[in-house]
Amino acid sequence: MHELSKQDARRIAVTAQWLGASRPSTLLAFVERATLLQLDPTNAIAPSAHLVLWSRLGGDYRHEDLAAALAQLELIELDALLRPAADLALYTASMAGWAERHQGTAIAQWAEANRAFADDIVARLRDFGPITSRQLPDTCVVPWRSTGWTNDRNVTQMLEVLVAQGVVAVAGRSGKERLWDLAERVYPDVPPVPLAEAARRRDERRLGALGIARAKAAKQPMEPVHVGEAGEEAAVEGVKGTWRVDPTYLAQPLEPRAALLSPFDRLLHDRKRLVELFGFEYVLEMYKPAAARRWGYYALPMLYGDALVGKLDAVARRDDGVLVVNAVHWEGEPSAKVRSAVEQEIEALAGWLGLSVRR
């Protein structure tokens, strides 16, 4: 078992996410290591995927670089996550086994009762895809019932089922709307990896992206934060329980730099790990009433080296040509070096956006 200090663990987590001075050479190189980019359209500063890529690649990154990677099918969209196209092979066996896994469940019974509805969607996509969900027929026999926002959203619910079965896929976006098409016209032709091996390799890929993680963790929406038996066992000083660590990063030094992180950055996904290793509390407050916010509508966590040093409350006012800095919430009193590095990064963010800073 590897015996790690908290600082060791933080260094490993930050290094795995390419947040040191050494940067990835290309967009694809980063996503291949990170395994995913989470999509969120909130544009208070910039959409999350673009903020993540800027924080890794620097000022040379442009929005059109991501669009090109998607157009060239280097990346594909699964469940509002962009993944390297080659990783599709790790999901196709699960797609093929969807009906068996969900046998007897409410969703499977609903899908079976609406088989003709699914056929109508597939036929429309075959003839006219890629198109938006609003352009698809709602011919369901049994409406989808839910106590949540999906109630009676029959087309979108059936599309999610068909995506999970590997029948249809997101082919792109028109503004904020997804474009749908047949999976055979979107996904690359890759041989599927058997289910058990695919699960093992997903755990290994996930640990490579996180650097250090728990073997088991509470279920998360979208992407798990646990890694099973991947990597090697580790203990972190002052933290109960055992961890799994990717030995690739054990001896890698971290040359510190400042970074401003999207609220949906992979470094932040596991909020429990964030507290245990970084001692950092974070909640995205845009869903709270303004009076109840501590850090701001869309506060960006600020990183320097292996420490999360604060939160930036800022908003891009594009019509005025400014990035308005409402507040910088420091975790304690920063050194002059840290303060200067973060201030330079704020200026760099504004420059990348084509704005000037207003404080």
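Entry remark, region 277-314: residues being over 30 Å from residue 5 (Cα atoms) and either open to solvent by 30 Å² or more (accessible area, probe 1.4 Å) or of a type in the set (Phe, Trp, Tyr) (or both) number 10 in total.
Among the residues in region 68-91, are any touching a helix residue (DSSP H, G or I) at 6+ places or on another chain (Cβ under 7 Å), surrounded by 18 or more Cβ atoms within 10 Å (Cβ to Cβ), closer than 19 Å to residue 182 by Cα and of a type in the set (Val, Ile, Thr)? Yes.
Residues are listed down the side, and each one gets a yes or a no for (1) buried (at least 20 other Cβ atoms within 10 Å of the Cβ); (2) of a type in the set (A, V, I, L, M); (3) in contact with a Leu (Cβ under 8 Å, 6 or more places away or on another chain); (4) in a helix (DSSP H, G or I):
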{"position": "118", "(1), (2), (3), (4)": "yes, yes, yes, yes"}
{"position": "123", "(1), (2), (3), (4)": "no, yes, no, yes"}
{"position": "142", "(1), (2), (3), (4)": "no, yes, no, no"}
{"position": "149", "(1), (2), (3), (4)": "no, no, no, no"}
{"position": "159", "(1), (2), (3), (4)": "yes, yes, yes, yes"}
{"position": "173", "(1), (2), (3), (4)": "no, no, yes, no"}
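Does residue 56 satisfy being over 15 Å from the mean Cα position of the chain (by Cα) and modelled with pLDDT of 95 or more?
Criteria not met by residue 56.
Look at (1) at negative phi; (2) crowded, with 19+ Cβ neighbours inside 10 Å; (3) in contact with a helix residue (DSSP H, G or I) (Cβ under 9 Å, 6 or more places away or on another chain) and you find that residue 48 fails only one, number (3). Quick check on my filter: what residues within region 175-196 are hydrophobic (A, V, I, L, M, F, W, C), open to solvent by 70 Å² or more (accessible area, probe 1.4 Å) and in contact (Cβ under 8 Å) with a residue 12 or more places away in the chain? 195, the sole residue that qualifies.
In the set (1) within 24 Å of residue 97 (Cβ to Cβ); (2) modelled with pLDDT under 95, residue 164 fails one condition alone, (2).
Checking region 197-212 against the condition returns a match, with at least one residue being open to solvent by less than 30 Å² (accessible area, probe 1.4 Å), at positive phi and not basic (Lys, Arg). Please work out if residue 25 is polar (S, T, N, Q) and either in contact with a Lys or Arg (Cβ under 7 Å, 6 or more places away or on another chain) or closer than 19 Å to residue 267 by Cα (or both). So residue 25 does not fit the description; no. Under the condition of being open to solvent by less than 50 Å² (accessible area, probe 1.4 Å) and either farther than 21 Å from residue 11 by Cα or out of contact with any Gly (no Cβ under 9 Å at 6 or more places or on another chain) (or both), the residues counted in region 213-226 number 4.
Conditions tested, residue by residue: (1) over 16 Å from the mean Cα position of the chain (by Cα); (2) assigned to a helix (DSSP H, G or I); (3) not hydrophobic (A, V, I, L, M, F, W, C).
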| position | (1), (2), (3) |
| --- | --- |
| 252 | yes, no, yes |
| 256 | yes, no, yes |
| 263 | no, no, yes |
| 275 | yes, yes, no |
| 281 | yes, no, yes |
| 288 | yes, no, yes |
| 298 | yes, no, yes |
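Residues in region 339-357 that are closer than 14 Å to residue 302 by Cβ and open to solvent by less than 40 Å² (accessible area, probe 1.4 Å): 5 in all.
The values are calculated or read from the model by the stated rules, or taken from the named source; none is laboratory data. These numbers come from a predicted model, not from an experiment. Using ideal geometry, Cβ is built from the backbone for each residue, glycine included, and neighbour counts are taken over all protein chains shown. Surface areas here come from the heavy atoms of the whole protein model, side chains and all, with no ligands, DNA or RNA. Shrake-Rupley method; radii C 1.70, N 1.55, O 1.52, S 1.80 Å.
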